[in-house]
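Readers should treat all values here as calculations from the given coordinates under stated rules, not as data from a laboratory. Just so you know, these numbers come straight off a predicted model, no measurement behind them. Cβ atoms come from the backbone with ideal geometry, glycine included; neighbour counts cover every protein chain shown.
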Amino acid sequence: MGLHIQHLLGLEGVSKDDITLILDTADSFHEVLEREIKVVPTLRGKTIVNLFYENSTRTRISFELAEKRLSASPLNFSTSTSSVNKGETLRDTIRNIEAMKIDMVVVRHCAAGVPHFLTQCTNAVIVNAGDGLHEHPTQALLDMMTIRRKLGRLEGLKVAIIGDIFHSRVARSNAWGMSTMGMDVVLCGPPTLLPQHRESIGVPVTDNLDEALEGADVVMLLRLQLERQSSGAFPSIREYRDRYGLDMDKLSSLPENVVIMHPGPINRGVELSSDVADGSNSVILEQVTNGVAVRMAVLYLLGGGENA
Amino acid sequence: MLKKPNGATIIPPDNSRIPNPLLIINGRVIDPANGIDQVMHVSIREGKIYSLLNEIPLHTAGTSIIDASGKWVVPGLMDMHVHLREPGREDKETIATGTQAAAAGGFTAVACMPNTIPALDEESKIRYVIQRAEYCPCRIYPIGAITRGLEGEELAPIGEMVKAGARGVTDDGKSVAKSNLMRNALNYSKSFNIPVMCHCEDMALSQKGHMNEGVVSTRLGVRGIPTISEEIVVARDILLAEYTGARIHIMHVSTAGSVRLIREAKKRGVRVSAETCPHYIALTDEDVGLYSTNKKMNPPLRTASDRDAVIEGLVDGTIDVISSDHAPHVPEEKDVEFDAAAFGVIGLETSVGVVMSTLVEKGILTPAQMVEKMSHVPNRILGVSGGTLSEGAVADITVIDPDAQWTVDPHFFFSKSRNTAFEGFSLRGYATCTILGGRIVYQRA
C-alpha cells in the first residue's frame, strides 16, 4: 500500500495513514544507515533535481545524501532569487529542467506556494523543502520520527514550539502534522512574532512561556532570525533570551525526561544555552540523522521505487 | 468591425456623418436621474435623446430600430477607475483595446488612471490621451497625477491638466505619503471643482504583503496587507478633506473599517465620495485558494465580513460608485509564483455580469441603484454631463439583457489581457448593445 499523496507539498491535509507510512518507512531506512554499506538500489536510474532558490546547506545536503543512498542521481541547482528575477520565469526554468528528463524535484523557495505552482508546470514529482513562511514538511516529519523513536509514541504527547512562530514554516508544518497524529501542540513566542489572528494555525498560541511549557513532553526551540530585532519585533537579544530562551535554570523546572529539539542551525546563547543544546535531554543531532532517513522514505514512497 | 466567435461585435464610430435616427422600442427604461423605471420607447435624433414615449412613434424610413423587449435601456455606463496602460505598456492594453473592452462591457465612458509610463502628469500627456480617444467606441476622461511622476514629492501642474481635460487627480497605485503635500493637493484642487481620488495605503504597514492579512494568509504562509494599512489613510484623507473643505473620492474601498469611516464622515458633511469594485463584492480572501494569482490585487480580497460591510455600504449609500479598477497584465506577470505576480485584475467586460449576479439578481440592489452607481453618480463626481436619458442629452445608452446566462471565457475578451478573477464564473446579465452619441458601437445577440 502506497501513499495517497502524489507530491509532498505540505503536511496540512495529509492523512494520519500517510504520515504513519512515511515514519514507518523512515524507521526501516534508519536501519540501513546503521549498516556499513548505507546504500540501497531502490531509486536507481531516477534523476532528482534539488532546486534551491534559498540558501540552505543542511537541508540540501540531507536531501542529497538521501538521494545518493537510494542510488538516485541528484542534480543540484542552487541560485539566489535575485539573479533569477533578472532571467527566466520559474515555469521556464522547471520546463527546461524537465525537458532533460528528470523524475523528481526537491524545491526550496522564498515564496510560499512555489511547490504547488510547480505541480502545474511539470509532471515530475514535487517535494517541498521549504516554501516561504508556508511549510517545511520533511522537517516536521523528521521531528515526529525523532519523538516517536525517543518516546515510543506520538498520540497524546504535548509539544511546545517556542520562538518566531509567524515567520516559521517549521512551526506550521509541525502544528498541522502533529495535530493529525493526535499530539497537543502549543505555539509560543513574543506577540510581535505570533500571527496577528491567533486562531489561524488551528492550535493554541500564547506569549506566555510558562503556560506553554506546562506539562510539555517535548520542547522545540526555533531559530531566531537576529535581523528581526532591527525590524522592531523585540527590543534586544538579551530580553528575548530572558523571556523565551531555554537555559538550565528553566530546564530544571521541566520533567526529567523532557525532550529538547531544535531544527538548526542554533543561535547558541539566544534560544538555547549551550549546556541545554549539548545536554542529555537534547536530541538535536538525532534529528539530523533522522532527517536523512525521513527524506529517503519520502523520496522512495513518492518515487515509486522497488522494495527496499 | 471586430467580431468575436460568440457574435460580440465592435463597430468603430464614424464621426464624419451625423448618425441616423434610432428608435429603441419596448425596453424597460431605467433612468434614476429622472425617476423613470418603466417600459418606454426612446427616440434618438442627431445623436441626442429626442424623446421618451409611451407609444411607438411614427418614424421615417432610414430610422434604425432596436427591439429591446425584455431588456433594460439605461444611460450609458461609466467606469471611473480604469488602467488603459497607454502610453508605455501597450503590451498590456492600449487606448484602442481598452475602449473596445469598455464598449463590450456596456460602458460609454471611462476615466483612465495616470500611472502610465510616463505618468499623465502634465498637460501634453492629458491631451495625448484625449486625442487618441477620438475614434474609440467609448469616451475617455483622463485623470491626472497629483504629484510629478507619481513620486509624492511635488505637485503636478493640476491647473494645466484640468484645462487640457483632466477630470480629477490621483496618484493611484500609491498614496501621497506626505500629509503636508496631500493637504496642499486638496487645497489647490478646490480651485477646479475636481475630486482628488485617493488610493489609501500606508506602505509601512503593507510592505512585502501580497494578500489580505488574516487567517488565510497565515495558513498559506503569504505575508499580509492588513486592513489598517487602508483604513489609516482613509481616516487621514477624510480628516484632510474635512480640514481643507476639499472634495475627495476614496477609491477601491475593501474593508469594513473604511466603510465605517466614510459613513461617519458623510454624516458630518465631509465632501467625500467612495467606490468599490466587483471583486470586493463577489469574492473573499478564501478565493485565493492555492495561490491563484488572478485573485491578487491591491487592495487585496478581504474577509467575508469586510465583503458584507462593503455591500451594506453600497445599499445604504455610503459607497456611491462601482468601478472595475481594470488592471491589465501580460501573462508572464501572472503565470509566476504568487509573491512575484503583479497586482491587479481586469474588469471592464465582467462588471455588469458580476454586479447583476451578485447584487441585483438577489434583490440587494435595485436595478435603479445599480444604474446610479455605474452611470449617473460617477458622471456627477467627475463633473461631466452623462448618465441621464433627459431629452436633449447626448445619446449614450446601454441596453442590458438581464436574463442572459453566460460563462466568463477570457478568450472572448476585447481587452488585450486575460487576467480576470472571474474566469469560468457563470453569470447572468450582460450588455447587448452600447450606443455612443447615437451610434451603435457594440452589439451582441
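Summary table
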read-out: For residues of A:196-206, the mean tally of beta carbons on other chains within 10 Å; value: 3
read-out: Eligible aspartates and glutamates near A:LYS101 by straight Cα distance, threshold 19 Å, same-chain separation 8 or greater; value: A:GLU64, A:GLU67, A:ASP92
read-out: Gained length - A:SER274 relative to A:ASP24, 0.36 nm times residue gap less alpha-carbon distance; value: 86.8 nm
read-out: Derived scalar couplings ³J(HN,Hα) [region A:162-170; Karplus, 6.51 cos²θ - 1.76 cosθ + 1.60; whole Hz; x for Gly, Pro]; value: 10, x, 7, 5, 4, 8, 9, 6, 5
read-out: 20 Å Cα-Cα reach of B:LYS267 towards aspartates and glutamates, excluding residues that sit fewer than 8 places from it in its own chain; value: B:GLU231, B:ASP237, B:GLU242, B:GLU275, B:GLU312, B:ASP316, B:ASP320
read-out: DSSP bridge orientation in the protein assembly as shown - percent antiparallel, rounded to nearest 5; value: 35 percent
read-out: Theoretical gain in end-to-end length, B:GLU264 to B:HIS59 [0.36 nm per residue, Cα-Cα removed]; value: 68.6 nm
read-out: Calculated over region B:77-381: convex hull of Cα atoms, volume per residue (Å³); value: 112 Å³
read-out: Anisotropy class of region A:137-284 from Cα gyration tensor, a/c 1.5 cut; value: oblate
read-out: Cα centroid separation, region A:218-255 to region A:5-28 (Å); value: 31 Å
read-out: Two-site FRET efficiency, B:LYS163 against A:THR192, from Cβ-Cβ distance with R₀ of 51 Å, rounded to 0.05; value: 0.50
read-out: Derived scalar couplings ³J(HN,Hα) [region B:342-357; Karplus, 6.51 cos²θ - 1.76 cosθ + 1.60; whole Hz; x for Gly, Pro]; value: 5, 7, x, 9, 7, x, 4, 8, 10, 3, 4, x, 5, 5, 5, 6
read-out: Charged-residue dipole, Cβ positions (Lys, Arg, Asp, Glu), region B:167-303 about Cα centre, Debye nearest 20; value: 380 debye
read-out: Positive-pole candidate from A:VAL185, A:LEU151, A:VAL14, dipole of the protein assembly as shown, charges at beta carbon; value: A:VAL14
read-out: Two-site FRET efficiency, A:VAL288 against A:GLU227, from Cβ-Cβ distance with R₀ of 30 Å, rounded to 0.05; value: 0.75
read-out: Per-residue average of Cβ from other chains inside 10 Å of B:211-218; value: 5
read-out: Computed [θ] at 222 nm, helices only, for chain A once each DSSP H run of length n ≥ 4 contributes -39500 (n - 2.57); value: -12000 deg cm²/dmol
read-out: Ranked packing of A:220-229, A:159-168, B:62-71, B:347-356, most packed first, by mean Cβ within 10 Å; value: B:347-356, A:159-168, A:220-229, B:62-71
read-out: Along principal axes, Cα extents of the protein assembly as shown, largest first, whole Å; value: 101, 56, 45
read-out: Taking chain B and dividing mean pair separation by its residue count, relative contact order in percent (alpha carbons under 8 Å, at least six apart); value: 21 percent
read-out: Neighbourhood charge, 12 Å Cβ-Cβ cut-off, centred on A:SER62 and excluding it, Lys, Arg +1 and Asp, Glu -1; value: +4
read-out: Dipole of the protein assembly as shown, positive direction: furthest Cα of B:VAL253, B:GLN100, A:HIS262, with charges on the beta-carbon; value: B:GLN100
read-out: Summed residue charge, Cβ within 14 Å of A:ASP184's Cβ, Lys/Arg positive, Asp/Glu negative; value: -2
read-out: Entries of B:LYS178/B:LYS295; B:LYS190/B:LYS373; A:LYS38/A:LYS68; B:LYS163/B:LYS266; A:LYS16/A:LYS46; B:LYS3/B:LYS295 with Cα pairs more than 19 Å apart; value: B:LYS178/B:LYS295; B:LYS190/B:LYS373; B:LYS163/B:LYS266; A:LYS16/A:LYS46; B:LYS3/B:LYS295
read-out: Amide H partners (placed H, <5 Å) of B:THR303, local residues excluded; value: B:ASP285
read-out: Test item: B:334-344 mean partner chain Cβ contacts at 10 Å; value: 5
read-out: Cα gyration tensor category, rounded, prolate or oblate, for region A:187-231 with a/c compared to 1.5; value: oblate
read-out: Relative contact order of region B:141-208, pairs being alpha-carbon contacts under 8 Å that are 6 or more residues apart, as %; value: 33 percent
read-out: Size of charge dipole - chain B - debye, nearest 20, with Cβ of Lys, Arg +1 and Asp, Glu -1, no other charges; value: 600 debye
read-out: Mean-position separation - Cα centroids, region B:165-235 and region A:146-205, in angstrom; value: 36 Å
read-out: Distance in nm between pseudo-label sites at A:GLU34 and A:GLU88 (7 Å out along the Cβ direction from Cα); value: 4.6 nm
read-out: Between region B:109-157 and region B:36-65, the Cα center-to-center distance that results, in Å; value: 36 Å
read-out: Region A:189-308 - charge dipole about Cα centre, Lys and Arg +1 at Cβ, Asp and Glu -1, debye rounded to 20; value: 440 debye
read-out: Cut-off under 5 Å, modelled amide H: who pairs with A:SER73 long-range; value: A:GLY45, A:LYS46, A:THR47, A:ILE48
read-out: For A:ILE126, distant residues with modelled amide H under 5 Å away; value: A:LEU8, A:VAL105
read-out: In order through region A:51-66: 3J(HN,Hα) via Karplus (6.51 cos²θ - 1.76 cosθ + 1.60), integer Hz, x for Gly, Pro; value: 9, 10, 8, 9, 4, 6, 5, 6, 5, 5, 5, 4, 5, 5, 5, 4
read-out: Anisotropy class of region B:96-252 from Cα gyration tensor, a/c 1.5 cut; value: oblate
read-out: Computed [θ] at 222 nm, deg cm²/dmol, chain B (DSSP H ≥ 4; -39,500 (n - 2.57); rounded to nearest 500); value: -7000 deg cm²/dmol
read-out: 17 Å Cα-Cα reach of B:LYS92 towards aspartates and glutamates, excluding residues that sit fewer than 8 places from it in its own chain; value: B:ASP325, B:GLU332, B:GLU333, B:ASP335, B:GLU349
read-out: Relative packing of peptides B:183-196, B:267-280, A:272-285 - highest average C-beta neighbours within 10 Å first; value: B:267-280, B:183-196, A:272-285
